[in-house]
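First up is the structure itself, then whatever we jot down about it.
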Amino acid sequence: MPENASDSTSETTSATTPDTAATRAIAGGQSQIIVRAATTRDVTAIRELVRPYAAERVLISKDAVAYYESIQEFRIAELDGRVVGCGALHVMWEDVAEIRTLATDPTVIGHGIGGRVLEALIDDARAIGVSRVFCLTFETSFFGKHGFVPIEGQAVSPEVYTELLHSYDEGVAEFLDLDRVKPNTLGNTRMLLTL
Ligand SMILES: CC(C)(COP(=O)(O)OP(=O)(O)OC[C@H]1O[C@@H](n2cnc3c(N)ncnc32)[C@H](O)[C@@H]1OP(=O)(O)O)[C@@H](O)C(=O)NCCC(=O)NCCS
């Protein structure tokens, strides 16, 4: 399954009852959404955000140690001080990075939280020097609105592909579309944003 894998929104919303008070407050402008860098103290909340999507095989649940090891890749969205969104940018090569683990609390999806986190990660991609951002997702409409386009085949040259084969990272294996991970990525769309 793709590290980032995605979902169908209608399925994910069914995972939890919408938080109507929170959604009314967002819509009414009384609530404040902030997006910030993650800290080690966010790992528990990140795992909670991933949990319902992992149950639906939309995202992969990882051991806590994996989130601590990659915590600097993460951005967090807070709604009135509550963690309601997360996402990560994983650099794969000089010019390519991947969006991973982008998740919004199912009770507050559709209010721009995921979009805010994604745009922050795209800013991070620019700052770190990559020129292309990859994602593997079911959320083609959402990513399309942020400039991603579906791609066929590989996003890197044969030389870089060979170098990336040395990676132990499962997400990189999915990026390379290796046979052993194809059952995990079934139905997902490969998308690329050119910065
Ligand atoms: C993908 C995901 C992160 C989006 O999170 P979100 O907080 O709902 O994102 P947004 O609110 O910014 O956008 C979602 C939709 O709501 C719409 N929207 C945004 N703000 C809105 C508002 N104020 N009012 C109404 N609709 C709004 C967006 O246009 C978007 O529509 P689209 O899906 O047709 O493109 C979320 O659905 C999720 O966690 N999915 C499971 C994990 C996943 O698939 N991750 C992606 C791969 S890593």
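Data table
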quantity: Scan of the range 31-52 for residues that are in contact with a strand residue (DSSP E or B) (Cβ under 7 Å, 6 or more places away or on another chain) and at pLDDT 95 or above, ordered by number; calculated: I34, V35, R36, A37, A38, D42, A45, I46, L49, V50
quantity: Where a residue in the range 125-146 is touching a residue at least 12 places away in the same chain (Cβ under 8 Å) and over 22 Å from I60 (Cα atoms) and its partner, wherever it lies, is part of a helix (DSSP H, G or I) and among the hydrophobic types (A, V, I, L, M, F, W, C), with Cβ under 8 Å and at least six apart; calculated: H146/L118; H146/I122
quantity: Checklist (1) within 23 Å of G110 (Cβ to Cβ); (2) away from the ligand (no atom under 13 Å from the Cβ); (3) in contact (Cβ under 8 Å) with a residue 12 or more places away in the chain applied to G81, failing item; calculated: (3)
quantity: Residues satisfying the stated conditions in the range 44-70, i.e. surrounded by 18 or more Cβ atoms within 10 Å (Cβ to Cβ) and β-branched (V, I, T); calculated: I46, V50, V58, I60
quantity: Selection from the range 147-172 of residues that are touching a Leu at 6+ places or on another chain (Cβ under 9 Å), within 22 Å of A125 (Cα to Cα) and of a type in the set (A, V, I, L, M); calculated: V149, I151, A155, V156, L164, V172
quantity: Positions within the range 114-156 being of a type in the set (G, A, S), more than 14 Å from the ligand (Cβ to nearest atom) and surrounded by fewer than 16 Cβ atoms within 10 Å (Cβ to Cβ), in sequence order; calculated: A127, G129, S131, G153
quantity: Cβ pairs under 6 Å, 6+ apart, first in the range 158-177 and in a helix (DSSP H, G or I), second exposed (fewer than 13 other Cβ atoms within 10 Å of the Cβ); calculated: none
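The values are calculated or read from the model by the stated rules, or taken from the named source; none is laboratory data. In this text the structure is predicted, and so the values were computed from the model without any measurement. As a convention, Cβ positions derive from the backbone with ideal geometry for all residues, glycine included, and neighbour counts pool all protein chains shown.
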